[in-house]
1. What number of residues within segment 59-75 are modelled with pLDDT of 80 or more and of a type in the set (Val, Ile, Thr)?
2. Residue by residue through segment 32-41, note down the ones that are in a helix (DSSP H, G or I) and more than 22 Å from the chain's Cα centre (by Cα).
3. Can you confirm whether segment 16-31 contains a residue that is modelled with pLDDT of 85 or more and not in a helix (DSSP H, G or I)?
Amino acid sequence: MEVKHGHCKRLEKSDIKRLEACETWIWHRILRILWTEHKTDEEVLKPVDTKRELLDTLRIRQKKWLGHVCCATILYSEQY
């Protein structure tokens, strides 16, 4: 879910693919793996003993933010 100009938007499959590609690219840069080595995403994540965490973190933060906004809206409407 993404909020733009007060409207919520769900993450589409293309957005998810881009985020996963970004996460893999970041690990490539951190581990200094050259693109000429042609390693798969799993081969990149294996040495750092991790799984894809970017989307999980994003969804957790979205839920927290949405809860914060909903709570603030309710409190604001009760005051006025």
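The values are calculated or read from the model by the stated rules, or taken from the named source; none is laboratory data. Just so it is clear, the structure is predicted and the values come from calculations on it, not from any experiment.
1. 1
2. First, the residues of segment 32-41 that are in a helix (DSSP H, G or I): 35-37, 41.
Selection gives Trp35, Thr36, Glu37.
3. Step one: of segment 16-31, the residues modelled with pLDDT of 85 or more are 16-31.
When the remaining residues are screened for being not in a helix (DSSP H, G or I), the result is none.
No: zero hits.
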